[in-house]
Structure formats: C-alpha cells, structure tokens
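Asks: Pasting a structure below so you can have a look.
Just so it is clear, none of the values below were taken in a lab; they were calculated from the coordinates. Every value quoted in this text rests on a predicted model; they were computed, and no experiment measured them. When we count neighbours, we look across all protein chains shown, and the Cβ atoms used for this are built from the backbone with ideal geometry, even at glycine.
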Amino acid sequence: MENIRDFLTFLKDRGELATVEAEVSSELEITEITERTIRSKGPALLFKNVSPFHSFPASVYGPRPCGLDR
C-alpha cells in the first residue's frame, strides 16, 4: 500500500470500513461516534460529510489493527 486511499480501499474490500454519510461536526460528533465505535470494537470509520471538511478517516488504528489482524 502506498497511501491512505489504498489502505481505505483495502479495509473496505475486507468489510472493515464503515462510511458515515450524515453531516457531522468536527468538534464534537466525530469524537463521540469514534469513541463508541472503538468501545464496541467496530470497524474503521470514514466520515464523508464533516463540517467544515470534506472527508475524514477515523479509528483506522482503533482497538484492533484494522486489516492487519488476518
């Protein structure tokens, strides 16, 4: 893998990436959603509509090393 896009594609192909399409705040909502996902040992997250950004990957190095455990 050469870049973050390759890594996100790798995770998506393995079913280890969830995409969040809803608009979320970069100040509070991303933190809360990511913490809940990590606590439940959920997948890596890709936020597609982050105010004021465009997209934002999160928890790709969460409680388990996504994509690297198999």
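Asks: On full extension of the chain, what length is gained from GLU29 through ASP13, given 0.36 nm per residue of separation minus the C-alpha to C-alpha distance?
Replies: Between GLU29 and ASP13, full extension yields an extra 3.1 nm.
Asks: If you don't mind, there's one more thing I want to ask. I need the calculated FRET efficiency for the pair LYS41 and GLU2, taking r as the beta carbon distance and R₀ as 30 Å, to the nearest 0.05.
Replies: With a Förster radius of 30 Å, E is 0.60.
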